[in-house]
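FYI, it's all coordinate maths here, none of it is from the lab. Just so it is clear, the model here is predicted, and its values are computed rather than measured. Using ideal geometry, Cβ is built from the backbone for each residue, glycine included, and neighbour counts are taken over all protein chains shown.
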């Protein structure tokens, strides 16, 4: 039986990924001050840790045996973190800078159980197409850039902006599945054991 999990995140994308994976969880949004500047890898790792700890230390929010998952994702180009654009003008600035170039999507994940923690940072390289003005106008008009790190959503219309990726696609969506499975295989149904569904021979 999989361990119970608390997701310390408001992200609907992360909820949707866990639901797709069949992981049982509930959401407890963290109340925490996140870092906004610094080395990107250190930043996402620390923010994920802060989110997990904030919920884990809330007392009644966490029951016996429950684990808390904190996640933080950033879009990084030339060592600079691109967060969520504050308005359409900033979204356009972000997309123009990403146009025709390869950037990195970094996610820190931290799984906390009791006083113990396991953590990982996943990195996916994303290559953007050269974005001509009509494509920029089309995407900005969609409004999909709102509340998206880097100003785009690869799982939506933003897929049309991307020429290719190297690494975990789900990391770009918001939750690095490969890293989570490696970090916490106990969250998932065990494959190749008596807990797996028996083959029907067909």
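Among beta bridges identified by DSSP and lying wholly in segment 5-187, the antiparallel ones come to about 80 percent. Max-minus-min Cα coordinates of the chain on each principal axis give 55, 50, 26 Å, with the largest extent listed first.
With R₀ fixed at 22 Å, the C-beta to C-beta distance from residue 188 to residue 84 puts the FRET efficiency at about 0.15.
Evaluated over the Cα positions of segment 4-107, the convex hull gives a direction-averaged projected area, one quarter of its surface, of 7.7 nm². Of all the options 91, 74, 178, the one that moves most in a Gaussian network model of the chain with Cα springs shorter than 10 angstrom is 178. Working from label points 7 Å from Cα in the Cα-to-Cβ sense, the residue 136 to residue 31 distance is 4.1 nm. Computed per residue of the chain from DSSP H runs no shorter than four, each worth -39500 (n - 2.57), the mean residue ellipticity at 222 nm is -8500 deg cm²/dmol. The C-alpha atoms of the chain define a longest principal axis, and helix 12-21 lies at about 50 degrees to it. Within the listed set 46, 57, 66, the residue fluctuating most in the Gaussian network model of the chain (springs between alpha-carbon atoms under 10 angstrom) is 57. Can you tell me the 0 to 90 degree angle between the C-alpha axis of helix 88-98 and the longest principal axis of the chain, rounded to 10? Computed tilt is about 90 degrees. If you plug the beta carbon distance of residue 24 and residue 146 into 1/(1 + (r/R0)^6) with R0 = 22 Å, you get a FRET efficiency near 0.15.
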